[in-house]
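The values are calculated or read from the model by the stated rules, or taken from the named source; none is laboratory data. Computed from a predicted structure; not experimentally measured. Quick reminder, even Gly has a Cβ in these numbers, built from the backbone with ideal geometry, and neighbours come from all protein chains shown.
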Amino acid sequence: MRLGIVPFMNLKPLIGRYERMANPPVELVSRPPSQLYPLLERGEVDASFVASVDYLRHGDRVHLVDRFGVAARGSVASVLLLCRKPLEDVREILVDARSSTSVAMLRVLLHHKFRLPIPLVRGDVTGSPEAEALLVIGDRALQGYSGYERIYDIGAEWTEWTGLPFIFGVWITRKSEDVPLLARLLEEGWQWTQDHWDALIDAEAERTGLSRPLVKVYLQENIQYQLTPREFEGLNHFGRLLEALAPASRALPSESE
């Protein structure tokens, strides 16, 4: 099986086992989150982790493994809106071009929670230190930032507002017959991690340069890997809010170019 993954720390508890095997039963294909669904659609992978917004848009064409994903029940720590001034004074927000769900979630929060029509601009968030507001995701967001007056954790903002958890990504297959295999691979990967947490945390701290305590909290507390009906309640609510936006507002930056 060819399996699409993201190059971020948050998937390691599910796929770390296979990265360490000499002859893994799965071929891992790493891409940014916004590129994974197109990869699956073209048949370049058999199954994939995908952004939840892509699942909401294309769920009728794919098959879901509903037990595992990447979710948060509050602070996520790896999806941050950084502002050099009060949010109501921000004229535009530069967003990470690799993301799709985080950008859509920010649109929903800006429209429904903050009531602010701030334009989002796709770009390189690492090469624009002068930007007045940035949306950063993944390991990059965990590095820490100075010089910003306001830092909004998008997961915390969502849960504080709705009382619901949020699913950032799910696992899907192209063919229904591949669902049991993917479910078994994820289950075995997760069970392996239960016996190897210390080694996995040490490796990620070394790889990213982050402190071991930060990595431990992020992987074991911020991110939730086993999904429940409550997580899907949050996902469905997000889908309804996203659908309620005007078509131009629903479009992601990558879709408007």
TODO: Test Tyr225 against the stated conditions and say whether it is under 17 Å from Glu19 (Cβ atoms) and either modelled with pLDDT of 95 or more or not aromatic (Phe, Trp, Tyr) (or both).
DONE: yes
Task: Hey, Asp178 in a helix (DSSP H, G or I), over 24 Å from His58 (Cβ atoms) and modelled with pLDDT of 95 or more or not - done: no
Task: Long-range neighbours under 7 Å by Cβ, at least six apart or interchain, first residue acidic (Asp, Glu) within segment 1-24, second outside any helix (DSSP H, G or I) - done: Glu19/Leu28
TODO: Look through segment 139-192, keep the residues that are of a type in the set (Gly, Ala, Ser) and surrounded by fewer than 21 Cβ atoms within 10 Å (Cβ to Cβ), and return whichever of them is nearest to Gly74 (Cα to Cα).
DONE: Ala156
Open item on the list: When the residues of segment 1-40 are narrowed to those that are aromatic (Phe, Trp, Tyr) and either closer than 15 Å to Ile172 by Cβ or modelled with pLDDT of 95 or more (or both), which ends up surrounded by the most Cβ atoms within 10 Å (Cβ to Cβ)?
Closed with: Tyr37
TODO: Quick one: which strands (runs of 3 or more DSSP E) lie wholly within segment 1-52 and hold at least 3 residues that are under 13 Å from the mean Cα position of the chain (by Cα) and not assigned by TED's automatic domain parsing to the domain that holds Ala104?
DONE: 47-51
TODO: For Trp171, state whether it is modelled with pLDDT of 95 or more and assigned to a strand (DSSP E or B).
DONE: yes
TODO: Considering only segment 73-98, state which residues are over 17 Å from Tyr148 (Cβ atoms) and in contact with a Ser or Thr (Cβ under 6 Å, 6 or more places away or on another chain).
DONE: Gly74, Arg98
Task: Some residue of segment 148-160 being in a loop (DSSP other than H, G, I, E, B) and outside the structural domain of Gly43 (by TED's automatic domain parsing) - done: yes
Open item on the list: Anything in segment 141-184 that is polar (S, T, N, Q) and touching a residue at least 60 places away in the same chain (Cβ under 8 Å)? List them, or say none.
Closed with: Gln143, Thr159, Thr162, Thr173, Ser176
- [ ] Output the qualifying pairs, or none if there are none: Cβ atoms under 9 angstrom, residues six or more apart or on different chains, first residue in segment 231-257 and under 22 Å from Ala97 (Cβ atoms) and small (Gly, Ala, Ser), second residue part of a loop (DSSP other than H, G, I, E, B) and at pLDDT 60 or above.
- [x] Ser249/Pro117; Ser254/Ala97; Ser254/Ser100
Task: Residue identified as closer than 26 Å to Gln35 by Cα, in the same structural domain as Ile223 (by TED's automatic domain parsing) and touching a strand residue (DSSP E or B) at 6+ places or on another chain (Cβ under 7 Å) among Val121, Val125, Val62 - done: Val62
Task: Hey, Val26 over 20 Å from His237 (Cα atoms) and β-branched (Val, Ile, Thr) or not - done: yes
